[in-house]
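Asks: Here you go, one structure.
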Amino acid sequence: EIPGISQPPLSASRFQQCRDLVLSSSPSHQTKRRPAIVMMESDHPVDSKRTIHGHKRLKSGKHKPIGTQDEVFSICNRDGKFFQQLQEQRKQLPIAQGRESLMRSISLNDVTIILGETGSGKTTQLPQYLLEGGYHRQIAVTQPRRVAATSLAARVSAEQGQPLGTLVGYSVRFDECVGPSTRVKYLTDGMLVREMMNDPLLMCYDVVIVDEAHERTLRTDIVLASLKRILALRNGSGSDSNAKGKAKATPLKVVIMSATLDAEKFSKFFESMFSWFPTNDDLTPNSAPVLYVKGRQHPVSIFHTSTSQNDYLDAALRTFFQIHVDRPPGDVLIFLPGQDDIENLESSLRVFAHQLPQGVPNVITCSLYASLPNTEQTKVFRPTPPDARKCILATNIAETSITIPGVRYVIDSGKQKEKRHLARIAGSGFDTLLTTDITKSSAMQRAGRAGREDHGYCFRLYTEDAFKAMAPSVEPEVQRSSLTSAFLQLKVIGHDLDAMPFMDRPDPESVGSALRTLWLLDAIDDSRCLTDFGRSLAKFPLVPQYAATLLASVKHSCTAEAMSLVALLSSSSPLFPDSSSHRDVANESRMKFRHPSGDHWTMLNVFRAYDEVCASEGKSGRKDWCKRNCISHRALREARNIRTQLRGICERMGMDWSLSCGNEESPLLRSLLRGLLQHVALLQPDGTYKQVMGPSVVKIHPSSFLMDKRSPAIVYNELVYTTNIYARGVSAVYKSFIAEFPKLTGVRLS
Ligand code: CDP
Ligand code: MG
């Protein structure tokens, strides 16, 4: 390729063959015949000469990835050949050469910042170095996403030659795999915040490693801010003598790890701590040193489309087959915003892969996203057979958290899902997931994934101008997502949001909105103090709104129903997946579950029917039943798991979870309302609904099962923003139910 010239990535005739294949058999692609996606190679490839100045550098060695997660799970004895291979591989990772400097820096400093290119071995190796280097209590490694925590724990467990859940374990929401001997724990940043609610100084840990800090999730920022205080109390000499006595016995080490190069901000953040809490200890320098681990990055040629694409799934599909038909071996990694898109594209890819002309290699598809079940993660790491090409469909989880060996081609949709708190429109404490453009920094990381093992190629499904217009790096989540849950958790830990030393201040409007939601829920009182009810809410790994529904169901004697409903609403997959191709069939088969009051009771009817199926059928019978009824098996399976966890929590709290209201609908709807006070809307003369707690006018989503579309009042789960604002997950409620909440009527009257 000659930089800067416009060229299609494959020859016209091969492309035609491939395109005809793609276009002829897909209903959604039949109408439009579009030409090949023309890509321009960029002048600015990702190259191996990226350097950063002023930081210590570690040298890199030679590295060849081996092994599969399958082997990882099955082999945990220290004599096996695979174990030896893993040890060999560990030694060859770039970070291995810096082991001693890392250990020295950590032993000399309270806080160490490690910058490292993705795949250099930070996440898997450093905890093991610490373990082998004599840190005797637990080591926590935080991850922003659950699938990263579980998959990395499995890998490290195998590298230690131990079954998962013994020496090395993980802890994520609704799933934990740890034992009494666990010393290295991979956990989501959210779980570490939960642990702080019971152990505010994190006394059970010697070392806390905050990984993927560059992602700046809300929970990561809370962890960073809390660690600053914990360090002052556990390690600082300026604090009171009690804490000091404890501190000398159990100092805490903090390691911040990031894949991007802007570490100064983290360093400065902790530097200010050292000036706040002066230390007399000569051994402790008053700053957080930054260490740099160089990865192995081969050059990556980057292509942009010459015109912008309005259907990124279609563009990804065509680009994949262009690569597949015309390019040498190497796996393809496609970045997409979310699970829906991944599932859609995966099914299209499979359809076309079955019809490839003779002589074209097979296609193996697999996916990677945050809520992927553990059993399906293994597929991604399975080596590709010589006569095939693997196509991995991933969200931004594959950007820096998880490195998949064998990738040479990256297709970047340029999109991601981002949590947004639309306080102004929604007037609620919930986040909405929006598909947004990625940042320049993400685009570079994504491209970098192609050059791990050899010269790579990145095909961006957007123009070079679009790339130039991207924001440089991500806006911290604390400035754009709902703070309600976080605020409640901080209250329980004993902190106030206002007093937290955040790296970036939260948006005042979000702070106001979180306070208002907690006050409406009665989680805090008029003087912003945590109530007993608030403390109980925080015990559940649920958004406070659903926790309030669950607690209210005790009063209405419907804990069994409320628990099932809340579990379903907390599942990461929708119960009724959108199936645009056979929508009519789907609607008809779901109709038998329909409840006149709307979607909540309809969901509950489905869950009750599924419970009956589970009593008599095995795994495949359950799956078939879901398929026949066009219902997501994944959602129901997950909901049953969540419900079991919730029962355990209720038992510990002495709460009876078996109270049932039978088929009487009001108790459940009143409990639901207790949590969703901000999601109530009243009918207007023109048939639309006006929010009680917000300014918006909403319509009932067309997918709703609610029979009377002119009910005087509705309660809903969420708002969906298209050309209209739709309320989705809707039930009709009596106005008299709403009148039971003086706070709500008070607000309405004013
Ligand atoms: O954290 P960082 O990006 O620096 O690297 P890592 O996650 O520690 O991964 C180090 C190496 O282990 C990479 O080359 C991965 O390909 C490999 N690895 C693997 O093969 N299978 C896993 N399940 C996890 C890591
Ligand atoms: Mg990592």
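Asks: For segment 110-122, enumerate the residues that are in contact with a strand residue (DSSP E or B) (Cβ under 7 Å, 6 or more places away or on another chain) and either without any contact (Cβ under 8 Å) to a residue 40 or more places away in the chain or near ligand 2 (Cβ under 8 Å from one of its atoms) (or both).
Replies: Result: GLY116, LYS122.
Asks: Moving to a separate point now. I need a count of the residues in segment 378-393 that are within 14 Å of ligand 1 (Cβ to nearest atom) and either surrounded by fewer than 20 Cβ atoms within 10 Å (Cβ to Cβ) or within 24 Å of ALA471 (Cβ to Cβ) (or both).
Replies: 5
Asks: Please report, ordered by residue number, the helices (runs of 4 or more DSSP H) entirely within segment 97-190 with at least 3 residues that are away from ligand 1 (no atom under 15 Å from the Cβ) and at pLDDT below 95.
Replies: 99-108
Asks: Another question, then. Here are the criteria: (1) crowded, with 22+ Cβ neighbours inside 10 Å; (2) modelled with pLDDT of 90 or more; (3) of a type in the set (Lys, Arg). Tell me which single one ARG452 does not satisfy.
Replies: It fails just one condition, (2).
Asks: Right, next: Pick out the one residue from TYR409, TYR369 that is among the hydroxyl-bearing types (Ser, Thr, Tyr) and more than 22 Å from ARG327 (Cα to Cα).
Replies: Values: TYR409 fails: more than 22 Å from ARG327 (Cα to Cα).
From the options TYR409, TYR369, the qualifying one is TYR369.
For (1) of a type outside the set (Asp, Glu); (2) closer than 29 Å to LEU537 by Cα, each residue gets a yes or a no:
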{"position": "HIS600", "(1), (2)": "yes, yes"}
{"position": "VAL606", "(1), (2)": "yes, yes"}
{"position": "ALA615", "(1), (2)": "yes, no"}
{"position": "TRP625", "(1), (2)": "yes, no"}
{"position": "SER632", "(1), (2)": "yes, yes"}
{"position": "LEU636", "(1), (2)": "yes, yes"}
{"position": "GLU651", "(1), (2)": "no, yes"}
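Asks: Test THR375 against the criterion of being out of contact with any Asp or Glu (no Cβ under 8 Å at 6 or more places or on another chain), among the polar types (S, T, N, Q) and part of a helix (DSSP H, G or I), and give yes or no.
Replies: Judged against the criteria, THR375 is a match.
Asks: Here is a further query. If I ask for residues that are among the charged types (D, E, K, R) and part of a strand (DSSP E or B), which ones from segment 191-210 would you list?
Replies: ASP206
Asks: Tell me which residues, restricted to segment 400-416, are away from ligand 1 (no atom under 16 Å from the Cβ), in a loop (DSSP other than H, G, I, E, B) and among the polar types (S, T, N, Q). Write out each step before concluding.
Replies: Taking segment 400-416 as the starting set, the residues that turn out to be away from ligand 1 (no atom under 16 Å from the Cβ) are 409, 411-416.
Those still in the list that are in a loop (DSSP other than H, G, I, E, B) too: 413-414.
SER413, the sole residue that qualifies.
Asks: Considering only residues that are assigned to a helix (DSSP H, G or I) and of a type in the set (Asp, Glu), which ones fall in segment 489-520?
Replies: Of everything in segment 489-520, those that are assigned to a helix (DSSP H, G or I) and of a type in the set (Asp, Glu) turn out to be ASP498, GLU509.
Asks: Can you name the number of the only condition in (1) within 16 Å of ligand 1 (Cβ to nearest atom); (2) part of a helix (DSSP H, G or I); (3) out of contact with any strand residue (DSSP E or B) (no Cβ under 8 Å at 6 or more places or on another chain) that VAL351 fails?
Replies: It is condition (1) that VAL351 fails.
Asks: Just to be sure, is PHE576 under 22 Å from ASP175 (Cα atoms) and among the aromatic types (Phe, Trp, Tyr)? Don't jump to the end; show me each part of the working.
Replies: On the way: under 22 Å from ASP175 (Cα atoms): no; among the aromatic types (Phe, Trp, Tyr): yes.
Spelling it out, it is not the case that PHE576 is under 22 Å from ASP175 (Cα atoms) and among the aromatic types (Phe, Trp, Tyr).
Asks: Let me ask something additional. Pull up segment 390-421, narrow it to residues that are in contact with a Gly (Cβ under 8 Å, 6 or more places away or on another chain) and under 19 Å from LEU461 (Cβ atoms), then point me to the one that is modelled with the lowest pLDDT.
Replies: Result: LYS417.
Asks: Scan segment 405-420 and tell me whether some residue there is under 23 Å from SER510 (Cβ atoms), surrounded by fewer than 18 Cβ atoms within 10 Å (Cβ to Cβ) and either within 16 Å of ligand 2 (Cβ to nearest atom) or not charged (D, E, K, R) (or both).
Replies: First, pick out the residues of segment 405-420 that are under 23 Å from SER510 (Cβ atoms): 416-420.
Filter once more, keeping what is surrounded by fewer than 18 Cβ atoms within 10 Å (Cβ to Cβ): 419-420.
Restricting the remaining residues to those that are either within 16 Å of ligand 2 (Cβ to nearest atom) or not charged (D, E, K, R) (or both) gives none.
No, every residue in segment 405-420 fails to be under 23 Å from SER510 (Cβ atoms), surrounded by fewer than 18 Cβ atoms within 10 Å (Cβ to Cβ) and either within 16 Å of ligand 2 (Cβ to nearest atom) or not charged (D, E, K, R) (or both).
Asks: Which of the residues spanning segment 480-519 are surrounded by fewer than 22 Cβ atoms within 10 Å (Cβ to Cβ), touching a Leu at 6+ places or on another chain (Cβ under 9 Å) and within 16 Å of ALA547 (Cα to Cα)?
Replies: If the condition is that a residue be surrounded by fewer than 22 Cβ atoms within 10 Å (Cβ to Cβ), touching a Leu at 6+ places or on another chain (Cβ under 9 Å) and within 16 Å of ALA547 (Cα to Cα), then VAL492 is the only one that fits.
Asks: Tell me, which helices (runs of 4 or more DSSP H) lie completely within segment 521-626 with 2 or more residues that are of a type in the set (Asp, Glu) and farther than 30 Å from ASP496 by Cα?
Replies: 583-590, 599-616
Asks: Report, ordered by the first and then the second residue, all pairs with beta carbons closer than 6 Å, sequence separation of six or more or different chains, a first member in segment 394-406 that is within 19 Å of GLN125 (Cα to Cα), and a second member that is within 11 Å of ligand 2 (Cβ to nearest atom) and of a type in the set (Gly, Ala, Ser).
Replies: THR400/ALA259; SER401/ALA148; ILE402/ALA148; THR403/GLY119
Asks: Go through (1) in contact (Cβ under 8 Å) with a residue 24 or more places away in the chain; (2) out of contact with any Asp or Glu (no Cβ under 9 Å at 6 or more places or on another chain) and name the single condition GLY359 misses.
Replies: (1)
Asks: In segment 580-638, which residue that is within 24 Å of CYS661 (Cβ to Cβ) and among the β-branched types (Val, Ile, Thr) is surrounded by the fewest Cβ atoms within 10 Å (Cβ to Cβ)?
Replies: Residue satisfying both the conditions and the ranking: VAL613.
Asks: Consider segment 509-519. How many of its residues are more than 14 Å from GLY534 (Cα to Cα) and at pLDDT 85 or above?
Replies: The total comes to 3.
The values are calculated or read from the model by the stated rules, or taken from the named source; none is laboratory data. These numbers were taken from a predicted model, which means no experiment stands behind them. Heads up, the Cβs are rebuilt from the backbone with ideal geometry, glycines too, and the neighbour counts pull from every protein chain shown.
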